[in-house]
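> Here it is: the structure, laid out below.
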Amino acid sequence: MTNKQKLIEDLTPLLKERGYRKQKQTWYRQGTDLVIVFNIQNSAYDEEGFYINLGIIIKKLMGEHDGICLTNCQIRQRISGQNERRTLLTAEKLMKVLDLWEQWYGNLPGLRQKALEGKLPIESESRAVSFLTTVRLW
């Protein structure tokens with residue numbers, strides 16, 4: 001079993017406890033206004049390498065036929081699955097990362113505040129930033 005497979009095996013029950021559903025190497029949790037996405041992406045250059053992708057889908061910006069996947073996230077961030085010494089991130093450490101992600105971006109009012117402060121991840125789509133900073137949410 002590879003390190004990545006072990007990580008997926010360890011993460012699955014932890015994420016399920018939090019209400020996440022799983023599709024292959026992607027987990028997601030739907031809220032009223034947002035979908036939080038957590039994904040493990042294989043590296044194209046290193047058989048053992050992988051990335052952790054975190055994303056937010058703003059439901060009001062979803063198209064009629066858009067599915068729940070990382071490419072449909074309007075707000076995204078990627079981190080390496082291992083550090084420069086090739087030490088694997090553990091499931092427990094990743095859950096702490098997910099805790100922070102949910103705290104910072106896991107609700108629409110908080111997401112709006114981050115957008116107004118210019119504190120969204122660099123991979124945020126301009127239409128998401130525009131929506132969050134100009135559309136009346138309430």
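The values are calculated or read from the model by the stated rules, or taken from the named source; none is laboratory data. Remember, predicted model here, so these are calculated numbers, not experimental data. We place every Cβ from the backbone using ideal geometry, glycine too, and count neighbours over all the protein chains shown. Protein only, heavy atoms only, side chains kept; ligands, DNA and RNA dropped before computing areas. Shrake-Rupley method; radii C 1.70, N 1.55, O 1.52, S 1.80 Å.
> Give Ile56, Ile52 a once-over and let me know the one that is open to solvent by less than 40 Å² (accessible area, probe 1.4 Å) and either at pLDDT 95 or above or part of a loop (DSSP other than H, G, I, E, B) (or both).
Selected residue: Ile56, the only one of Ile56, Ile52 that is open to solvent by less than 40 Å² (accessible area, probe 1.4 Å) and either at pLDDT 95 or above or part of a loop (DSSP other than H, G, I, E, B) (or both).
> Which condition breaks for Lys114 when tested against (1) surrounded by 15 or more Cβ atoms within 10 Å (Cβ to Cβ); (2) under 14 Å from Phe38 (Cβ atoms); (3) among the charged types (D, E, K, R)?
Checking Lys114 against (1) surrounded by 15 or more Cβ atoms within 10 Å (Cβ to Cβ); (2) under 14 Å from Phe38 (Cβ atoms); (3) among the charged types (D, E, K, R), the one that fails is (2).
Residues checked against (1) hydrophobic (A, V, I, L, M, F, W, C); (2) assigned to a helix (DSSP H, G or I); (3) open to solvent by 100 Å² or more (accessible area, probe 1.4 Å); (4) modelled with pLDDT under 95:
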{"position": "Glu64", "(1), (2), (3), (4)": "no, no, yes, yes"}
{"position": "Thr71", "(1), (2), (3), (4)": "no, yes, yes, yes"}
{"position": "Arg86", "(1), (2), (3), (4)": "no, no, yes, yes"}
{"position": "Glu92", "(1), (2), (3), (4)": "no, yes, yes, yes"}
{"position": "Val97", "(1), (2), (3), (4)": "yes, yes, no, yes"}
{"position": "Gly110", "(1), (2), (3), (4)": "no, yes, no, yes"}
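> Something else about it: Could you tell me whether any residue of region 130-138 is surrounded by 11 or more Cβ atoms within 10 Å (Cβ to Cβ) and either within 29 Å of Thr12 (Cβ to Cβ) or within 13 Å of the chain's Cα centre (by Cα) (or both)?
No: zero hits.
Residues are listed down the side, and each one gets a yes or a no for (1) of a type in the set (S, T, N, Q); (2) more than 13 Å from the chain's Cα centre (by Cα); (3) within 16 Å of Trp27 (Cβ to Cβ):
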residue	(1), (2), (3)
Ile58	no, no, no
Met62	no, yes, no
Asn72	yes, no, yes
Gly81	no, yes, yes
Glu102	no, no, yes
Pro109	no, yes, no
Ala115	no, yes, no
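> In addition: Which condition number does Glu47 fail, the rest of (1) open to solvent by 30 Å² or more (accessible area, probe 1.4 Å); (2) at pLDDT below 90; (3) in contact with a Leu (Cβ under 9 Å, 6 or more places away or on another chain); (4) not polar (S, T, N, Q) being met?
Unmet condition: (3).
> Output the residue which, of all residues in region 1-29 that are under 12 Å from the mean Cα position of the chain (by Cα) and either β-branched (Val, Ile, Thr) or open to solvent by 60 Å² or more (accessible area, probe 1.4 Å) (or both), is nearest to Asn53 (Cα to Cα).
Among those that are under 12 Å from the mean Cα position of the chain (by Cα) and either β-branched (Val, Ile, Thr) or open to solvent by 60 Å² or more (accessible area, probe 1.4 Å) (or both), it is Thr26.
> Further question on the same structure: Being within 16 Å of Trp101 (Cβ to Cβ) and either small (Gly, Ala, Ser) or assigned to a loop (DSSP other than H, G, I, E, B) (or both) is the filter here, so list the residues in region 13-32 that pass it.
Selection gives Arg18, Gly19, Tyr20, Gly31.
> Further question on the same structure: Does Arg76 fit the bill of being of a type in the set (Lys, Arg), modelled with pLDDT of 95 or more and not in a loop (DSSP other than H, G, I, E, B)?
Here the answer is yes, as Arg76 does meet what is asked.
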